[in-house]
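Down below is the structure, laid out as structure tokens.
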Amino acid sequence: MATNTQDVNRTDDELTAEQAAAPGTDATKAADGTGPAGDGGEDRGTGAAPRAEEREEPEEAGAFEEETAEKAPSGVGLGAGAVVSAALGLVSLTGGWIGTVAAARETLVGQLQTSSGASVAKQIREVYGDAWHTTALWAGLFALAALVTGVVVLVRPAFGTPGRPSAAWIRSVAWGGVSLGVIGLLLAVLKYSDALLALPSTG
């Protein structure tokens, strides 16, 4: 029985030695430098590259964001358009110097074309009525320009850079210009059609 036990122990020792010496085992890989120990060095070597790339990615992202910010519109044009819209709306309510000059010219033309023997109704229509209609016409043109400019300023961000709405003050001024344009256009239509401040009756 003792002999059999020694043979079994010897056989186990021999199998262990053969497995250790066999190619492809952990011990052989460790000795050759291709096992976990060698792989660990390679892993450390290959792991350094991704870490370097990870360090470079934030820099590339920051450069891309800066380039995008440079290409994005600053909003100066929209702000100027909003101010112009509000100014045109105010001019449509006050008449402006262009409307005043045009009305004075129409008055002069009416005086030249009207004879002294013309009826009172004709004199009023030619001298004052045409001038009043001319003032209303120019006021309507200014109001329409204010309305169109304000609408363009409000709609323009929808066709620009996504996620970059215009500033709050630009939208506020543009809405003010649109409102003044609507009011001025309405008043101009009422004045031109004699529904508001019509000429005095001579009958």
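Scan region 98-112 and tell me whether some residue there is over 21 Å from A198 (Cβ atoms), buried (at least 18 other Cβ atoms within 10 Å of the Cβ) and at pLDDT below 90. No - not one qualifying residue is present in region 98-112. Each residue in region 75-92 was checked for being among the polar types (S, T, N, Q) and within 12 Å of I170 (Cα to Cα), and 1 pass. Quick check on my filter: what residues within region 105-142 are aliphatic (A, V, I, L, M) and out of contact with any helix residue (DSSP H, G or I) (no Cβ under 7 Å at 6 or more places or on another chain)? Hits for region 105-142 are L108, V109, L112, A118, V120, A121, I124, L141. Among the candidates S179, S172, S116, S92, which residue alone is of a type in the set (S, T, N, Q) and either outside any helix (DSSP H, G or I) or in contact with a Cys (Cβ under 7 Å, 6 or more places away or on another chain) (or both)? Only one candidate passes the filter, namely S116.
Against the definition (more than 30 Å from A80 (Cβ to Cβ), over 29 Å from the mean Cα position of the chain (by Cα), among the charged types (D, E, K, R) and not in a helix (DSSP H, G or I)), how does D130 come out, yes or no? No: the conditions fail for D130. Just one of the listed residues (A158, A121) is more than 48 Å from the chain's Cα centre (by Cα), assigned to a helix (DSSP H, G or I) and at pLDDT below 95, namely A121.
The values are calculated or read from the model by the stated rules, or taken from the named source; none is laboratory data. Note that the structure is predicted; figures quoted are calculated from it, not measured. For neighbour counting, all protein chains shown are included, and Cβ atoms are generated from backbone atoms with ideal geometry for every residue, glycine included.
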